[in-house]
């Protein structure tokens, strides 16, 4: 049942809803849809944002581990460089509604922000709900109305949008429609690929969706023994044969199936084809050269020369990782450290600096942070986000075939494309 108080449905809106007539209908109340609806409403358009979830911005509320990495403080060129798919398509969007614009908007609507490592911008509250609630309130204050219903089809006649049809059988007339339904990652949040069906029904080409920013599966079966172990300030390198695909510093996490965390998600964006497998190398001590690490190990050994090797690495490595390193080094666990040879130390140093895992796959697309693929950008006007095939049909956000690495770039894509669609719808 529709709750008018919860969604701020005033008498004027209820009259319009009864008449089933709006200037613009936005399908999806995620970040792109809310910005699009707010922008259009500020222009005096009669706007309805239709969301099938009872709670708007459901996926946004779990982004960034619940903290919501709103955007990045980098310059626009860096945004382009960090967009992995169809970056040139986003020039107009990024310059029409910049990251500075996004930060200013959130500050104006009560979400104070802070900047962390890598230029990542977060709400001071460290709560994604703060961001989502503020966007919902902003859209309403601008004049957009948020309606709980499920759009089943977009009615197109004479190559122009006429109306939308809901699952409840309502036919809502509208001069224009924006599809901002997201991709197919995290389907429990409502991202179930509806937008692809709407676009395909309008004649658009859909680039096959695939997971992007997704955890990786490793060959090593013992990985479950260290699940839950989080590593900070490590360097990860990803190779296909002898070609380096990725190298960066940061945080990662071991899971029951393999590896995850910010570093791994960023690395996954570089994968095009796993084939027979990829090689992942973790430098557990990137601040030290191999020579410096050897000096550190010798110093630790000399401090307690009669200690068993199995008990000698507690100050150097996480407890969960020590048995694995010991096994892979090939050094006898009960050997006294003063008996360990230089050659054996070199093997230990190599294992710490180039901890190797074999990547054999990625997790399913429903576990991906975002979806790569979607509505073909060649069929969308990059200056307006309007379809080149159907008049008054617009697209915004993840439903479009654009995606970027982690760091706030993908949410900025949603904000920028949503704003551009709302400006022209």
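The values are calculated or read from the model by the stated rules, or taken from the named source; none is laboratory data. Quick caveat: nothing in here was measured; it's all calculated off a predicted structure. FYI the Cβ positions are ideal-geometry reconstructions off the backbone, even for glycines, and counts take in every protein chain you see.
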Being more than 16 Å from the chain's Cα centre (by Cα) and farther than 18 Å from residue 194 by Cα is the filter; apply it to the stretch 391-405 and report the residue that is surrounded by the most Cβ atoms within 10 Å (Cβ to Cβ).
-> 392
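Residues are listed down the side, and each one gets a yes or a no for (1) touching a helix residue (DSSP H, G or I) at 6+ places or on another chain (Cβ under 8 Å); (2) within 15 Å of residue 48 (Cβ to Cβ):
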{"residue": "118", "(1), (2)": "no, no"}
{"residue": "127", "(1), (2)": "yes, no"}
{"residue": "139", "(1), (2)": "yes, yes"}
{"residue": "149", "(1), (2)": "no, yes"}
{"residue": "157", "(1), (2)": "no, no"}
{"residue": "167", "(1), (2)": "no, no"}
{"residue": "177", "(1), (2)": "no, yes"}
{"residue": "201", "(1), (2)": "no, no"}
Just one of 332, 346 is surrounded by fewer than 17 Cβ atoms within 10 Å (Cβ to Cβ), in the same structural domain as residue 253 (by TED's automatic domain parsing), touching a helix residue (DSSP H, G or I) at 6+ places or on another chain (Cβ under 8 Å) and in a helix (DSSP H, G or I); which is it?
-> 346
Residues that are in the same structural domain as residue 326 (by TED's automatic domain parsing) and more than 23 Å from the chain's Cα centre (by Cα), drawn from the stretch 192-235 | 219, 220, 221, 222, 223, 224, 225, 226
Which of the residues that make up the stretch 306-324 are without any contact (Cβ under 8 Å) to a residue 40 or more places away in the chain and under 32 Å from the mean Cα position of the chain (by Cα)?
-> 317, 319
Expected output for the stretch 50-73 (first residue under 17 Å from residue 367 (Cβ atoms), partner surrounded by fewer than 23 Cβ atoms within 10 Å (Cβ to Cβ), Cβ below 6 Å, 6+ apart or cross-chain) is 58/189; 58/190; 59/186; 59/189
Evaluation of residue 238 against (1) more than 17 Å from the chain's Cα centre (by Cα); (2) at pLDDT below 95; (3) crowded, with 22+ Cβ neighbours inside 10 Å (one fails), failing number = (2)
Please verify whether the stretch 111-127 includes one or more residues that are at pLDDT below 95, assigned by TED's automatic domain parsing to the domain that holds residue 385 and either touching a strand residue (DSSP E or B) at 6+ places or on another chain (Cβ under 6 Å) or over 12 Å from residue 409 (Cβ atoms) (or both).
-> yes
Please enumerate the residues belonging to the stretch 22-48 that are out of contact with any helix residue (DSSP H, G or I) (no Cβ under 6 Å at 6 or more places or on another chain), assigned to a strand (DSSP E or B) and within 15 Å of residue 154 (Cβ to Cβ).
-> 22, 25, 27, 48
For residue 418, all conditions in the list (1) more than 17 Å from residue 214 (Cβ to Cβ); (2) touching a strand residue (DSSP E or B) at 6+ places or on another chain (Cβ under 9 Å); (3) in a loop (DSSP other than H, G, I, E, B) hold save one; what is the number of the exception?
-> (3)
Check whether at least one residue in the stretch 189-208 is more than 29 Å from residue 391 (Cα to Cα) and in contact (Cβ under 8 Å) with a residue 24 or more places away in the chain, and report yes or no.
-> yes
Determine whether the stretch 254-266 contains at least one residue that is surrounded by fewer than 16 Cβ atoms within 10 Å (Cβ to Cβ) and out of contact with any helix residue (DSSP H, G or I) (no Cβ under 9 Å at 6 or more places or on another chain).
-> no
Look at residue 173 and say whether it is in a strand (DSSP E or B) and without any contact (Cβ under 8 Å) to a residue 40 or more places away in the chain.
-> no
